[in-house]
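Student: Quick one: the structure is below, questions incoming.
The values are calculated or read from the model by the stated rules, or taken from the named source; none is laboratory data. What you see is a predicted model; the values in this text were computed from it and never measured. Glycine gets a Cβ as well: all are built from the backbone with ideal geometry, and neighbour counts include every protein chain shown. We work out accessible area using only protein heavy atoms, side chains counted, and drop any ligands, DNA or RNA first. Shrake-Rupley method; radii C 1.70, N 1.55, O 1.52, S 1.80 Å.
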Amino acid sequence: MISYRGKRYRGCRSRNFKQEKEELVSLERLARTCTGFGLAKELSRISDVKQRILYTVELVENITGIDGFREYLTKMLEMDAFFLNEDRHTNNIALLYHVDKKSYRLCPFYDMGLSIFSDTRDAYPIEWGFEECRKQIASKPFSRDFDEQMDAAEELFGDFLRFDLKAGDLDDLTAELEEAYQVEDGKEKLYTRKELGRVRETLRYQVGKYRYMCK
């Protein structure tokens, strides 16, 4: 729970993944610094999804010389498609830059808070059913369709993401979530039954849809 200006909000956080003397450099910032143009604006001028992805990969590789960015970006788009993360704009893809070594490394995926229709206050009211939410959601940054941008990256570079999931694991996982976050002494704690029900229904659908990602 986050207290801010007299109000309390639910939120999530990660460990600090930056090492000493490292900076987080978004692709938007990288492009503006090195080319003078914003990446999002440049992508809007390219009509083909594959070409948008290739432009981004080649830009990053040419500027940074980093290895593995193609696989990294593909995994990111696969993960966004699976978890329905709608917040992958060009400031939410980044690299880590070491100020002294003047070198880059891949950054952990971050800022995935808008996944699984989590915005129940505005975008996806909890009264909405799964199908209604699914029709409303749109992806970023290469296409508004999760599968279109994921398929384009996989056709270019291959598919990479795999989950160590088998039959029954999903039920066990959602049961753990309920025990940890839902009910305490008969009262709902952090998440309501409806919210955890949405998580369960969404993940079941996604596991069925992307079976090839699950071992």
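Student: Can you find a residue that is under 16 Å from the mean Cα position of the chain (by Cα), part of a loop (DSSP other than H, G, I, E, B) and of a type in the set (A, V, I, L, M, F, W, C) anywhere in the range 202-212?
Tutor: no
Student: Does A175 qualify as being in a helix (DSSP H, G or I), without any contact (Cβ under 8 Å) to a residue 12 or more places away in the chain and open to solvent by less than 80 Å² (accessible area, probe 1.4 Å)?
Tutor: yes
Student: Another question about this same structure. Looking at this structure, is Y110 part of a loop (DSSP other than H, G, I, E, B) and under 17 Å from F17 (Cα atoms)?
Tutor: Yes.
Student: Checking the structure you have, find out if any residue of the range 146-155 is assigned to a loop (DSSP other than H, G, I, E, B) and either among the polar types (S, T, N, Q) or open to solvent by 40 Å² or more (accessible area, probe 1.4 Å) (or both).
Tutor: no
Student: Follow-up question, since we're still on this one. Hey, among the residues in the range 90-107 that are part of a strand (DSSP E or B) and hydrophobic (A, V, I, L, M, F, W, C), which one's farthest from T56 (Cα to Cα)?
Tutor: Out of the qualifying residues, it is L96.
Student: With the checklist (1) open to solvent by less than 90 Å² (accessible area, probe 1.4 Å); (2) touching a residue at least 40 places away in the same chain (Cβ under 8 Å) in hand, flag the one item R162 doesn't pass.
Tutor: (1)
Student: Among the candidates P125, P141, which residue alone is out of contact with any Pro (no Cβ under 8 Å at 6 or more places or on another chain), assigned to a loop (DSSP other than H, G, I, E, B) and farther than 29 Å from V57 by Cβ?
Tutor: P125
Student: Something else about it: Modelled with pLDDT of 95 or more and part of a helix (DSSP H, G or I), is that true of L170?
Tutor: no
Student: Of the residues that make up the range 180-190, is at least one at pLDDT below 90, under 23 Å from R10 (Cβ atoms), within 20 Å of the chain's Cα centre (by Cα) and in a helix (DSSP H, G or I)?
Tutor: no
Student: Right, here's the next one. Scan the range 197-215 and report the pairs whose first residue is farther than 10 Å from I116 by Cα and whose second residue is at pLDDT below 90 and among the hydrophobic types (A, V, I, L, M, F, W, C), with Cβ atoms within less than 9 Å and a gap of 6+ or a chain change.
Tutor: Note: pairs meeting the criteria are R204/L170; V207/L165; V207/L170; V207/C214; M213/L165; C214/L165; K215/L165.
Student: A follow-up question, please. Tell me, which residue of the range 97-125 that is in contact with a helix residue (DSSP H, G or I) (Cβ under 9 Å, 6 or more places away or on another chain), closer than 17 Å to G11 by Cβ and aliphatic (A, V, I, L, M) is most open to solvent (accessible area, probe 1.4 Å)?
Tutor: Per the stated criteria, the residue is M112.
Student: Of everything in the range 11-28 that's outside any strand (DSSP E or B) and in contact with a strand residue (DSSP E or B) (Cβ under 8 Å, 6 or more places away or on another chain), which residue is surrounded by the most Cβ atoms within 10 Å (Cβ to Cβ)?
Tutor: So the residue we want is L27.
Student: To continue, here is another question. If I ask for residues that are in a strand (DSSP E or B) and open to solvent by 100 Å² or more (accessible area, probe 1.4 Å), which ones from the range 1-10 would you list?
Tutor: Matches in the range 1-10: Y4, K7, R8.
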